[in-house]
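Asks: Before I ask anything, here is the structure I am working with.
The values are calculated or read from the model by the stated rules, or taken from the named source; none is laboratory data. Here the structure is a predicted model, which means the values were calculated and not measured. Positions of Cβ are generated from backbone atoms using ideal geometry, with glycine treated the same way; all protein chains shown enter the neighbour counts. For the accessible areas, the whole protein counts, side chains as well, though only heavy atoms, and no ligand, DNA or RNA atoms are used. Shrake-Rupley method; radii C 1.70, N 1.55, O 1.52, S 1.80 Å.
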Amino acid sequence: MLPNDRIAEYCRQAAEQIRWKRARPAVMRELEQHLQDQQEAYMEQGHGQEQAARMAIEQMGDAREVGQALDWAHRPQTPWFLLLAMMAFLVLGAALQVALTRQMAPLASYAVAAGLFALGYFGDISLLGKHAMEIYLGVLAFAAVLLIGAEPVAGAAVFHLNPISLYLCYLALVFPAAYGLFLYGMKGLGARGILLSVLGYLPFALILLMVPTLSGLLIYSASTGVMLAAAIRKNWFGAKQGHPVLKIVAPVLLPAGALAVAFLSVGENRLQVFLNPGQDAADTGLIYCRLREAVAQAVFWGEGNADLSVIPDLSENYALLYGIQKFGLGTFAALMLLVLAFGVFGVIRAMRQRSMLGTLLVLAATLTVTLQAFVYAYANMGYGLWGTLSFPFLSRGTTALQLDALLLGLMLGALRTGAWVRDPQQPQRTIRLLRIER
């Protein structure tokens, strides 16, 4: 048996003891690399190649015993707290929607959301990395087709395919993850990769402007800016130190530009109504007044005395206001602190991921869900300058509910198995489909 074959056979026997099959390839690579390094060390001492391989294996110990020790160390790291919190929010959201709508129909949507969460949680996230550019282009093409076939309904683009009606504003929940996969395909392209990442941001941003959804644009832009900054910080592009301005400006440019566009799109009249809603007592200003009055009539703990029957679309757009009136501002504050803690925790865990794929997926899900919740919350307080999407799991909205569930499933799946996902070792010579040569 050749020395390399002897080492490969040893690694195979050790890997057979690892019950979590997804971890086997990574463990075998690490073990084989360690044995080859030890073999080279023995060869430098004057031993022959075959003898050096045998000595390296003998030093490592019995393959089955080593494999059993590796099996203990390489088990999925179940994020129990987040997993239980996710289940609790699904149950709470289903109960809240049944109470608001006085129907059992929302339970079907929550059942589908639970299934999508399980799909993301138990799926193999490494497949997303292997087909990163294809997924980005596929999402872009799908969104463009939906936009072309959409019809305007009350100022929003809606795609109808009986019996399905899809509000395109919810595409903003998918775009950050798709953009994260675009970043994943930019490995090793240096300053060119950073510039291409800025250009890769634009198609989704233009689609969101055409929908239009300004809150979706802001959520997408803030998320992508943070993901780009994280990729630069981890030197994913391999850019030289001579590009400090580019490294700073590029991540800031995305959310700052979107914020400027959002303010310019609002218009002077809408801004004046937002600042002084009493001057428009028949339309948008009336909604602002009713929302702010309802919040003012809430108590810190317990049930308030506001009349919520005058609030339109309560279960969809103002579910948190119902909670404020039912349980008090203290409960609302505790909920938002919990959301903030989730966001901080998610960003910290994302930056600790061993793979860039895990970092980008966790950041995309964390930021999308957290920012979505805060945009919805300030609108429920009567200060929504831009339209909202949803509050994850609590507000009505089938598409948003299910996309949020899938995103969090991918996030928790990355936290569970991301430690053993391996990024490409060498910079990509070409970006598949785009054919971008180094």
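Asks: If you check ALA144, ALA113, ALA99, ALA177, which single one turns out to be out of contact with any Leu (no Cβ under 8 Å at 6 or more places or on another chain), within 22 Å of TYR376 (Cβ to Cβ) and open to solvent by less than 60 Å² (accessible area, probe 1.4 Å)?
Replies: ALA99
Asks: Starting from residues that are of a type in the set (Asp, Glu) and at pLDDT below 80, keep the ones in the stretch 266-319 and report whichever is farthest from LEU394 (Cα to Cα).
Replies: In this case the residue turns out to be GLU268.
Asks: Looking at ASP313, ASP307, can you tell me which residue is at negative phi and open to solvent by 10 Å² or more (accessible area, probe 1.4 Å)?
Replies: The match here is ASP307.
Asks: Any residue at all in the stretch 356-379 that's at pLDDT below 90, open to solvent by 10 Å² or more (accessible area, probe 1.4 Å), of a type outside the set (Lys, Arg) and under 17 Å from TYR121 (Cβ atoms)?
Replies: no
Asks: Of GLY346, GLY382, which residue is modelled with pLDDT under 90, open to solvent by less than 40 Å² (accessible area, probe 1.4 Å) and either assigned to a helix (DSSP H, G or I) or in contact with a Lys or Arg (Cβ under 8 Å, 6 or more places away or on another chain) (or both)?
Replies: Of the residues listed, the single one that is modelled with pLDDT under 90, open to solvent by less than 40 Å² (accessible area, probe 1.4 Å) and either assigned to a helix (DSSP H, G or I) or in contact with a Lys or Arg (Cβ under 8 Å, 6 or more places away or on another chain) (or both) is GLY382.
Asks: Which of the residues that make up the stretch 210-230 are open to solvent by 10 Å² or more (accessible area, probe 1.4 Å), assigned to a helix (DSSP H, G or I) and within 18 Å of GLY384 (Cα to Cα)?
Replies: The answer is LEU214, LEU218, ALA222.
Asks: I would also like to ask the following. Return yes or no: is ALA53 open to solvent by less than 80 Å² (accessible area, probe 1.4 Å), outside any loop (DSSP other than H, G, I, E, B) and either at pLDDT 80 or above or in contact with a Pro (Cβ under 6 Å, 6 or more places away or on another chain) (or both)?
Replies: Yes: the conditions hold for ALA53.
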